[in-house]
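**Student:** I'd like to ask you about the structure that follows.
Any read-out appearing in this document is the output of simple, stated calculations on the displayed coordinates, not a laboratory observation. If you're wondering where the values come from, they're calculated on a predicted model, not measured in any experiment. Don't worry about glycine lacking a Cβ; one is built from the backbone with ideal geometry, like all the others, and counts go over all protein chains shown.
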Amino acid sequence: MSSDSAVLPAQDVTQTIVEREKQYLLQNYGRYPLALDRGKGVYVYDFSGKRYLDLITGIGVNALGHAHPRVVKAIREQAGKLIHCSNLYYHEYQGKLAEKVARTSGLARCFFSNSGTEAMEGALKMVRSHGHRINPAKFEIVALENSFHGRTIGALSVTGQPKYRKDFEPLLPGVKFVPVRDDQKLEEAVNERTAGIVIEVIQGEGGVYPICERMLRKAKQLSERFDALLVFDEIQCGVGRPGTYHAYQLFNPVIMPDVMITAKPIANGIPLGVIACNERAATSIGPGMHGSTFGGGVLACRVGCEFYDILDEILPQINDRGAYFKLRLEELATKYKFINEVRGFGLMLGVELAMPGKQIVTDAIEAGLLINCTHDTVIRFLPPFIISRKEIDQAIRILDKLFQRATTYWQEYTCKSEPVPAH
């Protein structure tokens, strides 16, 4: 049977896809009117063949771009041998990948899941188990405002944005939220009942917002003082994205967590998440206390091993390309008054606007550029690690035109925001 794309014009293919989803899927996603057909390198293509420079990479997942030849080769070879065998048995690649994660993270042991939110769930179980072994009353968790840790009930419970939690409350009891820059409030929140402190080292969905070194070091001190597990969430900001293997390695000396979770890029599109932990945290999970049917599957781990081998080779260029991209964005910031700030590390960058950015994202699609707006006013860039300076220049040229057009939006927005004079 022929596919829709083989028998229908491109516009009709997209419409068919949209209508089918409207009929059969939960309507929980706010999608843009774009259907993608294929990708190659830093570009993706719709069904008409139109090319788009992809600077959001599946929200940080396709870190090596699309159809990377080494990744494609690994998938083809492994799919022809063994895709799944369950965790009842050993396979060749789970231990190999765990060794690579341990080497690059500085932590000792790993557990593999399917996603970042599942990794967070596992980390929360470690925290609760760790506290329970000390004292059944030691179950509280301290997290940061503005954070985002996932969509499951446990992950939502430590997500510091009420808009995500409100429809599902009551959630896990015993969670406290503190402001992202207030180490005094953090100190007041942590006590003998605290089992864990959870921090997203660079808040992604919260607006590409790095947590300052002072706050992280205070969290480390408090976790040691009160025998709580320090959990760093690097689902979006880790594994090469900040220009280091992990964001906590940006500081000197490194601020080591007890538990680190990550997911998005590690199998370049094959679902895979990981919990990495030190020996102290590892003792909190014994035989039968946690598991996963699909987590750590042979196909995902094989691709994960290939990803880390490639990352080892290209990590230095991430800093170079990230610094260059940030410099070019800062040039635009001097040109347009509605740009408040450019921030981020490596190839995780955000441009904070003085107005909502959704229309700019829509205009960018029309111009052949895929970006994302998060926290309403922050244009988020998560480019592939393989991006070149030439492609960054291409993106800047498009953004310059988009921002010229957005000057009109800014003028309209400021007019609407001005208070109406009293009569």
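**Student:** Assess whether residue 150 counts as being in a loop (DSSP other than H, G, I, E, B) and either surrounded by fewer than 19 Cβ atoms within 10 Å (Cβ to Cβ) or touching a residue at least 12 places away in the same chain (Cβ under 8 Å) (or both).
**Tutor:** yes
**Student:** Could you list, in sequence order, the residues of segment 228-249 that are among the aliphatic types (A, V, I, L, M) and in contact with a Gly (Cβ under 8 Å, 6 or more places away or on another chain)?
**Tutor:** Within segment 228-249, 228, 229, 230, 231, 235, 247 meet the criteria.
**Student:** Among the residues of segment 296-305, are any within 30 Å of residue 395 (Cα to Cα), within 21 Å of the chain's Cα centre (by Cα) and not small (Gly, Ala, Ser)?
**Tutor:** Checking segment 296-305: at least one residue is within 30 Å of residue 395 (Cα to Cα), within 21 Å of the chain's Cα centre (by Cα) and not small (Gly, Ala, Ser).
**Student:** Quick one: count up the residues across segment 12-41 that are surrounded by 12 or more Cβ atoms within 10 Å (Cβ to Cβ) and either in contact with a Leu (Cβ under 6 Å, 6 or more places away or on another chain) or assigned to a helix (DSSP H, G or I) (or both).
**Tutor:** Summing the residues that are surrounded by 12 or more Cβ atoms within 10 Å (Cβ to Cβ) and either in contact with a Leu (Cβ under 6 Å, 6 or more places away or on another chain) or assigned to a helix (DSSP H, G or I) (or both) in segment 12-41 gives 8.
**Student:** In this structure, does residue 287 turn out to be out of contact with any Pro (no Cβ under 9 Å at 6 or more places or on another chain) and not in a helix (DSSP H, G or I)?
**Tutor:** Answer is yes for this residue.
**Student:** I'd like the full set of residues that are of a type outside the set (Asp, Glu) and more than 21 Å from the chain's Cα centre (by Cα), limited to segment 216-243.
**Tutor:** Result: 217, 218, 219, 220, 221, 222, 223, 225, 226, 228, 229.
**Student:** Also, I was wondering about something else. Would you pick out the residues in segment 45-73 that are at positive phi and either in a helix (DSSP H, G or I) or crowded, with 22+ Cβ neighbours inside 10 Å (or both)?
**Tutor:** 57, 58, 59, 60
**Student:** Ok, one more. Residue 351 is checked against (1) crowded, with 18+ Cβ neighbours inside 10 Å; (2) touching a residue at least 60 places away in the same chain (Cβ under 8 Å) and fails just one. What number does that condition carry?
**Tutor:** Of the numbered conditions (1) crowded, with 18+ Cβ neighbours inside 10 Å; (2) touching a residue at least 60 places away in the same chain (Cβ under 8 Å), the odd one out for residue 351 is (2).
**Student:** If you don't mind, another one. Having 1 or more residues that are touching an Asp or Glu at 6+ places or on another chain (Cβ under 7 Å) and of a type outside the set (Val, Ile, Thr) is the bar; report the strands (runs of 3 or more DSSP E) wholly within segment 323-397 that clear it.
**Tutor:** 339-345, 348-353
**Student:** Same structure again: Working only within segment 159-182, note down all residues that are small (Gly, Ala, Ser) and closer than 17 Å to residue 204 by Cβ.
**Tutor:** Of everything in segment 159-182, just one residue is small (Gly, Ala, Ser) and closer than 17 Å to residue 204 by Cβ, namely 160.
**Student:** Please find, among 270, 255, the residue that is buried (at least 18 other Cβ atoms within 10 Å of the Cβ), assigned to a loop (DSSP other than H, G, I, E, B) and in contact with a Lys or Arg (Cβ under 7 Å, 6 or more places away or on another chain).
**Tutor:** 255
**Student:** Restrict the check to segment 101-123 and report whether at least one residue is among the basic types (Lys, Arg), out of contact with any strand residue (DSSP E or B) (no Cβ under 6 Å at 6 or more places or on another chain) and farther than 25 Å from residue 226 by Cα.
**Tutor:** Checked against the condition, which is being among the basic types (Lys, Arg), out of contact with any strand residue (DSSP E or B) (no Cβ under 6 Å at 6 or more places or on another chain) and farther than 25 Å from residue 226 by Cα, segment 101-123 yields at least one hit.
**Student:** Hey, another quick one. For segment 105-147, how many residues are part of a helix (DSSP H, G or I), surrounded by fewer than 24 Cβ atoms within 10 Å (Cβ to Cβ) and over 18 Å from the mean Cα position of the chain (by Cα)?
**Tutor:** Result for segment 105-147: 7.
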